[in-house]
Structure formats: C-alpha cells, structure tokens
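What follows is a single structure, written as structure tokens, with notes after it.
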C-alpha cells in the first residue's frame, strides 16, 4: 500500500477547488469597487497601500485601474486558447495606458470586466492551455492568477479609498485553502513578499493577507 503524506492530501484538496466561481466573484468585487471611486480620486498615488512588483513606483489610481482593465481584456482570448501574437500584442493598448477604458473610466471598466466574466463562465475545460506572456499554464492555474490578482488587490483598493475591505466569505475561504498549500511556491516566483505574522484571533481574511505578505488589518 502506497503512503500519501498529509501535505499531498491537502494539496489534492486545494487543487480540487473549481476556481471559476471564485474568479467571477473576484472580478465582480473589483468592478464594484471601481464604481465607488470618487471622481476626484483618479489622480491619487497608490504607493504604500497597493502591492506592486516595484515598491518604488507610484502609479495613479487611474493607471492602476487601467492595468486591471488591460489584464481583464485579455481573459476571453486567453481562455479560448489564443496566443497574444494571434490576437495582436497591442490589441488592448499598453498595460498602464488605460486605452480600453475610454473617456468614461467606470463604464469602460465595467464593460471589459463583464466580457471577462462571461468568458470565465463559458469555460468548459480547466485543463485547456492558456498562453500567457510569461509562459503556458492550464486554465485552472491561470484562473487562480485571476482570482488572486483581483481579490487581494480589491482589499488594497478598498483601503486606499477608505471603503469596506471585507471580501465575500466564499472568496476568502477558497483563496485561503489554495494558498495555504501554494503560497510558498508563488513566493518563490516573486509574486508574494515574505509572510507576516497574523494577529491573535485573526479572521480568515487576515490570515490570507498575512500569508500573502500583506498587512492583515
């Protein structure tokens, strides 16, 4: 009889989670926060609140939302198995340019996110190959990138704007179960910074934030 470690069992449980409904929820949560951005806040700097690959950078809130819109715009094509070269690498402008937003930032963002949600809901094969700019992944793994990028960023956006930062319980539960197994791998890739200490009596969301290198509260 073969022996299976506790970690393997836990990993199997985490990897059995269907990321599609979580990706939809994360996209919806982020879109709802964008709707609440005050008109005077678009030029606000985000450094110190929003986690980026370059801590010294200070993108404006509009640039940050434009980056998410750019990322969302690629979801339908990538989930369909198309490459960026096939679509045209400049099809959606530049990452921080906000070209897909148009003059009405909130309406442009909502339309782009809605198309992304429809693509996620229509995905029928979680093992389909998705061709990202940084490598090929299964659709399952790609959707976890979608979930984490929107879910964790939503907390930071809410903090920046002084809004309610509590994520839906099902989104937190799914992300926590997944990252309790995979956070160290993502940290090794440079996606997450060092884990921080969660406070005594931490909520599930606070544990998730601490695990992914963010201030838990």
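The values are calculated or read from the model by the stated rules, or taken from the named source; none is laboratory data. Just so it is clear, the structure is predicted and the values come from calculations on it, not from any experiment. Here Cβ is always computed from backbone atoms with ideal geometry, including for glycine, and neighbour counts include all displayed protein chains.
Here are a few things to note about the model shown:
- No other residue among 171, 167, 160, 143 is over 15 Å from residue 20 (Cβ atoms) and either in a helix (DSSP H, G or I) or under 12 Å from the mean Cα position of the chain (by Cα) (or both) apart from 160.
- The residues of the stretch 201-217 that are in contact (Cβ under 8 Å) with a residue 40 or more places away in the chain and part of a loop (DSSP other than H, G, I, E, B), listed by number, are 212, 213, 214.
- Note on the stretch 29-50: among residues that are within 29 Å of residue 185 (Cα to Cα) and surrounded by fewer than 17 Cβ atoms within 10 Å (Cβ to Cβ), the one that is modelled with the lowest pLDDT is 48.
- Across the stretch 63-94, the number of residues qualifying as surrounded by 15 or more Cβ atoms within 10 Å (Cβ to Cβ) and modelled with pLDDT under 95 comes to 0.
- Of everything listed in (1) within 15 Å of the chain's Cα centre (by Cα); (2) farther than 19 Å from residue 13 by Cα; (3) not assigned by TED's automatic domain parsing to the domain that holds residue 35, the single unmet condition for residue 196 is (1).
- Options 172, 155; residue that is touching a residue at least 40 places away in the same chain (Cβ under 8 Å) and either in contact with a helix residue (DSSP H, G or I) (Cβ under 7 Å, 6 or more places away or on another chain) or within 15 Å of residue 14 (Cβ to Cβ) (or both): 155
- Residue within the stretch 128-144 that is at pLDDT 95 or above and within 24 Å of residue 61 (Cβ to Cβ) present: no
- Residue within the stretch 187-200 that is part of a helix (DSSP H, G or I) and at pLDDT 95 or above present: yes
- The selection criterion, being in contact with a helix residue (DSSP H, G or I) (Cβ under 7 Å, 6 or more places away or on another chain), crowded, with 19+ Cβ neighbours inside 10 Å and touching a residue at least 12 places away in the same chain (Cβ under 8 Å), does not hold for residue 126.
- All positions within the stretch 43-66 that are more than 20 Å from residue 163 (Cα to Cα) and in contact (Cβ under 8 Å) with a residue 60 or more places away in the chain: 53
- Extreme residue, nearest to residue 142 (Cα to Cα), among residues of the stretch 118-131 that are within 18 Å of the chain's Cα centre (by Cα) and in a helix (DSSP H, G or I): 120
- Only one of the listed residues (116, 77, 177) is touching a helix residue (DSSP H, G or I) at 6+ places or on another chain (Cβ under 6 Å) and not assigned by TED's automatic domain parsing to the domain that holds residue 41. That residue is 177.
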